[in-house]
1. Quick one: which strands (runs of 3 or more DSSP E) sit completely within the range 1-74 and have at least 1 residues that are within 16 Å of ligand 2 (Cβ to nearest atom) and of a type in the set (A, V, I, L, M, F, W, C)?
2. Does Ala279 satisfy the condition of being open to solvent by less than 10 Å² (accessible area, probe 1.4 Å) and in contact (Cβ under 8 Å) with a residue 24 or more places away in the chain?
3. Tell me which residues, restricted to the range 233-257, are open to solvent by 10 Å² or more (accessible area, probe 1.4 Å) and away from ligand 3 (no atom under 16 Å from the Cβ).
4. So which residues in the range 164-179 are more than 16 Å from ligand 3 (Cβ to nearest atom) and over 19 Å from Tyr303 (Cα atoms), if there are any at all?
5. Take Cys263 and tell me if it is open to solvent by 40 Å² or more (accessible area, probe 1.4 Å) and within 25 Å of Ile333 (Cβ to Cβ).
6. Considering only the range 185-194, I want to know if a residue exists there that is within 16 Å of ligand 1 (Cβ to nearest atom), under 18 Å from the mean Cα position of the chain (by Cα) and either assigned to a helix (DSSP H, G or I) or surrounded by 14 or more Cβ atoms within 10 Å (Cβ to Cβ) (or both).
7. Quick one: would you say Asn308 is part of a loop (DSSP other than H, G, I, E, B), open to solvent by less than 30 Å² (accessible area, probe 1.4 Å) and not hydrophobic (A, V, I, L, M, F, W, C)?
Amino acid sequence: MIKIKQFTIIKPDDWHVHFRNGKILKTIVKYTSNFYERAMVMPNLSSPIITIKSAKKYKKNILNALKKNSTFTPLMTCYLTIDTDPDDIEYAFYEKIFFAAKLYPKNSTSYSKFGIKKIKTITNVLERMQKIGMPLLVHGEIVDKNMDIFDREKFFIDKILIKLRKDFPELKIVLEHISTKEAVDYIQSVKKNLGATITPHHLMYNRNDMLSNGIRPHLYCLPILKSKTHQEALRKAISSGNKKFFLGTDSAPHYYYNKESHCGSAGIFNSLSSLSIYAEIFEKMHALNHFESFCSRNGALFYSLPENKNTITFIRKSWKIPDKIFVGEKIIIPFLAGKMVKWTIE
Ligand code: NCD
Ligand code: ZN
Ligand code: ZN
């Protein structure tokens, strides 16, 4: 079989990314802005983005960290708390300050301690979002000390998401970074107003890669990597061309000493290699014909935003991911550090 040497697609968007703030932001934003035209920026900073004022300031910090000629647009999101005001949400959505709001179940992931314990405490906000067409993005896991960590996503779907969709049928919801066959099946079974992002790491690896040959803290993220069956279900989902699945890297840097620790942080910093990895997996699945839709069309369609005008070209030329990224004196270990990837992006 002849292998394609290069191809060009509409410049992609990253519908789920963590930029952090301060020095980390300044160092890493280029890895996203070089390859992606827009990104949905997650609001879970150590002081989360819960007000219009903080969102404006954070957006400014991001824009200041970009190269002069960059066309990159950050799309800001609001971290929902029990104090979120529906009038603020409505104003900020119409003013294009917030493009979506993010639901973190309390203590479900990194920086989620200000999250929501009971959905009914934010009913008025969800009603308003439904009314104005503002998307709700969810970290879809229930955390309960009696429940197995590998079942958290399935339980979120069964116990929260199904009821949420019944109570708010017109609310647009994105189930972020899906990791299970149950999530794939559920997304496929629903007719409208539900989409899902899929990360490079959940496509590339399963829990054996993380745990069976020494413990790999740099593959630890939430939702945690599942078994091969689930990884295969995710690969099938993207290969099907179903428009409800779209690109979201969940690139989430932590300093290496917080990852390689007695209690390591959850999050994988993949923005250097994300597009190369997606391309590699689509090719492996003989699904490159659906690649552009996944990267550059399906998300825009879901969010009712225009498709990007710029393009990027993928060249079959391997390159090595650096071992580390310096943030001043401190170090972040990127996803696939020191490994070769097959596609170079121009
Ligand atoms: C993310 C982070 O570090 O902010 N971590 C992760 O493991 N995915 C938070 C999140 O997206 O859940
Ligand atoms: Zn999350
Ligand atoms: Zn995330």
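1. The qualifying strands (runs of 3 or more DSSP E) are 13-17, 38-41.
2. On the way: open to solvent by less than 10 Å² (accessible area, probe 1.4 Å): yes; in contact (Cβ under 8 Å) with a residue 24 or more places away in the chain: yes.
Spelling it out, Ala279 is indeed open to solvent by less than 10 Å² (accessible area, probe 1.4 Å) and in contact (Cβ under 8 Å) with a residue 24 or more places away in the chain.
3. Once the filter is applied, which keeps residues that are open to solvent by 10 Å² or more (accessible area, probe 1.4 Å) and away from ligand 3 (no atom under 16 Å from the Cβ), the range 233-257 yields Ala233, Arg235, Lys236, Ser239, Ser240, Gly241, Asn242, Lys243, Lys244, Tyr255, Tyr256, Tyr257.
4. Result: Leu164, Lys166, Asp167.
5. So Cys263 passes the test.
6. no
7. yes
Per-residue answers, yes or no, for (1) small (Gly, Ala, Ser); (2) more than 20 Å from Thr344 (Cβ to Cβ); (3) within 13 Å of the chain's Cα centre (by Cα):
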{"site": "Ile215", "(1), (2), (3)": "no, yes, no"}
{"site": "Ala237", "(1), (2), (3)": "yes, yes, no"}
{"site": "Ile277", "(1), (2), (3)": "no, no, no"}
{"site": "Cys295", "(1), (2), (3)": "no, no, yes"}
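The values are calculated or read from the model by the stated rules, or taken from the named source; none is laboratory data. No experiment lies behind these values; they were computed from the predicted model shown. Cβ coordinates were reconstructed from backbone atoms using ideal geometry, including for glycine residues, and neighbour counts include every protein chain displayed. Ligands, DNA and RNA are excluded from the accessible area calculation, which covers all protein heavy atoms including side chains. Shrake-Rupley method; radii C 1.70, N 1.55, O 1.52, S 1.80 Å.
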